[in-house]
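Here's the structure, in structure tokens; my notes come after.
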Amino acid sequence: MKVFFTKEKQWLEKWDDFVSENDRGSHLILSDWLQSYQSYGFDFEIGLFLENEKIVGGYGAVIAKMAFFKFYIVPHGPIFRDNFEENISFGISELYLRAKKLKCCYAQYSIPFSINKLIKANSYNTNIRSKIKNLGTEGSLFKHIYSSYGINWLGFNTASNPEELLQQFALQPRRNINLAYRNHIEITYPEIEEDCKLAYSIIEDNAKFGNYSVRAFEDFKNTMLNLIAKKRAFLLTVNFAGEIKGAAFVVDCGNYLTYISGGTKKEKPDLNIGYVIHWEIIKKAYGLGYKGYNISMGGSKGVQDFKSKFMAQSILFDTPHYHMVLKPNIFKIYLFLNTYFKKNKERISVILKKIK
């Protein structure tokens, strides 16, 4: 099996196709997503495993650099084509050797293990875990790169079309979805920077109001615009009386749609815009022939309760995170310093930008 590491455009395009078409793929390892960390001064690369010049597996890595610390983080994977899963230990061994060669003090990877039948196609069976024994310690010690840990899955197997699915919803969400459309709302999909910035401002405003963080538009715009241009993502807006009332950013990868972030204007009377956003995404997923929708993990209790109204099931991967400490003394220094920045992502971002 041929192994090499690259950032060449032609291979990035082939990698993105591989990730998008693979049920175990994730937007977290699309090349544009990996490049988004460059706004923090980080680097990235992809590791490819080839058979007869065809990609059969690989991973995307963020190379996080903070002063004299360097970390090798694979947010999701390695992933392989069907019938090549047995090579996962080989892939992780190559990951370890690559991190050592780049003189990183720490390496981390996250594999979607699960025995849940709802996401069988999107995960590895846990019996494969025995093949990575002694290839890392369970757990994540580097928290500044989001790594996959589960999927909030709404499967479509019980309904052949959106109308059938809607009838399975509880009375409240079904009623609110229907009420929202009576207001003659308009759904749009902005693509140019000015329109995307206006739509994304709704998402940023919601984050401020809810006291949680999202990436600033200026830091994230290149990733967003590139993904939209490549038809790997879209911004959806809900408009009423000529004004944007809600917006959501959604990525198309792994043969399903994933809700990344969204927001609505908090007004009375309530136009039920949040219900419309997810219902429009669900209809789009059906139109693409997908088998489900990832409404995304996380959020406050209120957000999680809202998502549950769409019959989504939050499925945690089984011990997905593994790490390797490559330079113990240096990593101990990092852990000591890191205690001062815990639970303060915005402050970390500011510091990272100053030292990049």
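Straightening the chain between ASN83 and ASN125 buys 13.8 nm, computed as 0.36 nm per residue apart minus the Cα-Cα spacing. Cα convex hull, segment 1-58: 74 Å³ per residue, rounded to a whole number.
Positive end of the dipole of the chain (Cβ unit charges, origin at the Cα centre): among ILE128, THR6, PRO190, the Cα lying farthest that way belongs to ILE128.
Since only LEU179, TRP15, SER160 are under comparison, the one whose Cα sits farthest along the positive direction of the charge dipole of the chain, derived from C-beta charges on Lys, Arg, Asp and Glu, is TRP15.
Rounded, prolate or oblate: which fits segment 108-207 when a ≥ b ≥ c are the square roots of the eigenvalues of the alpha-carbon gyration tensor, with rounded for a/c under 1.5 and prolate only if a/b beats b/c? Write down the numbers at each step before the final one.
Values: a/c = 3.18, a/b = 1.51, b/c = 2.10.
Oblate.
Length gained on full extension, ALA67 to HIS184, computed as 0.36 nm times the residue gap minus the Cα-Cα distance: 36.8 nm.
For the chain, what mean projected area does the convex hull of the alpha carbons give, in nm²? Provide the component values of the computation, followed by the final result.
Details: hull surface 72.2 nm².
Projected over every direction and averaged, the Cα hull of the chain covers 18.1 nm².
Amide H contacts of GLY292 (H built 1.01 Å from N, in plane; Pro and chain starts excluded): PHE156 sit under 5 Å, all sequence-distant by 5 or more or on other chains.
Counting only alpha carbon atoms, the long axis of helix 171-181 and the longest principal axis of the chain meet at about 70°.
Close amide-amide hydrogen proximity is noted between ASP318 and PHE113, SER114, each under 5 Å apart and 5 or more residues distant or on a separate chain (H modeled in the peptide plane; Pro and chain starts excluded). Computed across segment 158-231, the Kirkwood hydrodynamic radius from all distinct Cα-Cα pairs reaches 15.3 Å. Just how far, in whole angstrom, is segment 137-206 from segment 104-130 if you go by their alpha carbon centroids? When both Cα centres are located, 25 Å separates them.
Could you tell me the calculated FRET efficiency between LYS9 and GLN38, based on Cβ-Cβ distance and R0 = 22 angstrom, to the nearest 0.05? Before the final figure, lay out each step's value.
On the way: r = 15 Å, r/R0 = 0.69.
About 0.90, to the nearest 0.05.
Candidates ILE277, GLY242, SER261 compared by Cα position along the dipole of segment 227-282: farthest toward the positive end lies SER261, with charges placed on Cβ. Computed over protein heavy atoms with a 1.4 Å probe, the accessible surface of the chain works out to 48 Å² per residue. Packing-based ranking of 169-178, 103-112, 145-154 yields 103-112, 145-154, 169-178, ordered from highest to lowest mean Cβ neighbour count within 10 Å. The modelled label-to-label distance between LYS266 and SER308, using points 7 Å beyond Cα along the C-beta direction, is 2.2 nm. Dipole magnitude for the chain: about 1320 debye, using +1 per Lys or Arg Cβ and -1 per Asp or Glu Cβ, origin at the Cα centre. Each residue, SER93 and ALA159, gets one label point 7 Å from its Cα in the Cβ direction; the gap between the two is 4.8 nm.
How large, in percent, is the carbon and sulfur part of the accessible surface of the chain at a probe radius of 1.4 Å? Carbon and sulfur: 51 percent of the exposed surface of the chain. Put a dot 7 Å past the Cα of LYS143, heading toward its Cβ, do the same for LYS327, and the two dots end up 2.4 nm apart.
Report the relative contact order of segment 206-298, percent, no decimals, based on alpha-carbon pairs under 8 angstrom and at least 6 residues apart. Display every interim value, and only then the final one.
Working: 112 pairs, mean separation 20.4, N = 93.
22 percent.
Each Lys and Arg adds +1 at its Cβ and each Asp and Glu adds -1 at its Cβ; summed about the Cα centre, segment 266-313 shows a dipole of about 100 debye.
Compared with the dominant principal axis of the Cα atoms in the chain, helix 9-21 is inclined by about 60°. Axis of helix 193-210 versus longest Cα principal axis of the chain: the two differ by about 90°, to the nearest ten degrees. Relative protection proxy for 185-191, 317-323, from highest mean packing down: 317-323, 185-191 (other beta-carbon atoms within 10 angstrom).
Straight-line cross-link partners of LYS2 among the lysines, defined as a Cα under 22 Å from its Cα and at least 8 positions apart when in the same chain: LYS14, LYS54, LYS100, LYS101, LYS131.
The values are calculated or read from the model by the stated rules, or taken from the named source; none is laboratory data. Bear in mind that the values here come from a model prediction, so they are computed numbers and not experimental data. Quick reminder, even Gly has a Cβ in these numbers, built from the backbone with ideal geometry, and neighbours come from all protein chains shown. What goes into the accessible areas is simple: the full protein's heavy atoms, side chains included, and nothing from ligands, DNA or RNA. Shrake-Rupley method; radii C 1.70, N 1.55, O 1.52, S 1.80 Å.
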